[in-house]
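The structure appears below as structure tokens.
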Amino acid sequence: MTAFWEGGYNGTTYRDLEQATGLRRQSLTYAFGEKPELFRRVLAFYIDQRVRKACELLAREAPLKDNLHALLQAWEADASSGNGRGCLLVRSTAEVGRDPHMTAEIRRGDNLLLQALTQAFHRAQANGELTSTTPPEALARLVISAGNGAMVQAVARQDPEISRTAHDALLSLIT
């Protein structure tokens, strides 16, 4: 996963995968299939680990603002890690989002996060914590779009302050 996360799908060679795993290409292919299938499995693993943790943050019995802040801080940590990785799902969407081998996994990850955010906004509206009448799914899409954009900019410019500033502004507008 780290090899693909650092090099992207197109930038990661079989040689990189051999070094990362200690396996030869033939063994990798035998165990996981060709590179597209291996990458799809990496995406699935990433979603099951990282995206689900983000969803768990949003489902906590805490104020919406606290949960959103925790989520955005996790994204800032990815953007400021110094290794240029950012979020594998965001990076993959930009790089291979239309590739038929990857589309289902990317959509699954996107949908998990969208559902978790939508539910968090719905709960906050229902309990009076959030007075906005904007539909919860629209608010969820705003957070995802702003978060993804801030992540890409922070990683590309090697400046984590970009995501921090954008996230602070987003929180002040929403909550």
Being buried (at least 19 other Cβ atoms within 10 Å of the Cβ) and touching a Cys at 6+ places or on another chain (Cβ under 9 Å) is the filter here; which residues of the stretch 111-121 pass it? 113, 116, 117
Taking the conditions exactly as written (part of a helix (DSSP H, G or I), open to solvent by 60 Å² or more (accessible area, probe 1.4 Å) and in contact (Cβ under 8 Å) with a residue 60 or more places away in the chain), does residue 53 satisfy them or not? no
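Residue-by-condition table, conditions (1) within 14 Å of the chain's Cα centre (by Cα); (2) open to solvent by less than 70 Å² (accessible area, probe 1.4 Å); (3) among the hydrophobic types (A, V, I, L, M, F, W, C):
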residue: 88; (1), (2), (3): yes, yes, yes
residue: 97; (1), (2), (3): yes, yes, no
residue: 109; (1), (2), (3): yes, yes, no
residue: 123; (1), (2), (3): no, no, no
residue: 134; (1), (2), (3): no, yes, no
residue: 141; (1), (2), (3): yes, no, no
residue: 145; (1), (2), (3): yes, no, no
residue: 151; (1), (2), (3): yes, yes, yes
residue: 158; (1), (2), (3): no, no, no
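One line per residue, one yes/no per condition, for (1) over 17 Å from residue 52 (Cβ atoms); (2) at pLDDT 90 or above; (3) touching a strand residue (DSSP E or B) at 6+ places or on another chain (Cβ under 7 Å):
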| site | (1), (2), (3) |
| --- | --- |
| 94 | yes, no, no |
| 99 | yes, no, no |
| 114 | no, yes, no |
| 118 | no, yes, no |
| 127 | yes, yes, no |
| 130 | yes, yes, no |
| 139 | yes, yes, no |
| 144 | no, yes, no |
| 156 | yes, no, no |
Within the stretch 120-175, the residues that are closer than 15 Å to residue 65 by Cβ, in a loop (DSSP other than H, G, I, E, B) and in contact (Cβ under 8 Å) with a residue 24 or more places away in the chain are 129, 130, 132, 175
Checking residue 105 against (1) at pLDDT below 95; (2) of a type in the set (D, E, K, R); (3) assigned to a helix (DSSP H, G or I); (4) open to solvent by 60 Å² or more (accessible area, probe 1.4 Å), only one condition comes out false. Which one? (4)
Of residues in the stretch 67-84 being of a type outside the set (Gly, Ala, Ser) and open to solvent by 50 Å² or more (accessible area, probe 1.4 Å), the one farthest from residue 136 (Cα to Cα): 83
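The values are calculated or read from the model by the stated rules, or taken from the named source; none is laboratory data. Here the structure is a predicted model, which is why all the values come from computation and not from measurement. Every residue, glycine as well, gets a Cβ built from its backbone with ideal geometry; the counts of neighbours run over all protein chains shown. With ligands, DNA and RNA removed, areas are computed over all heavy atoms of the protein, side chains included. Shrake-Rupley method; radii C 1.70, N 1.55, O 1.52, S 1.80 Å.
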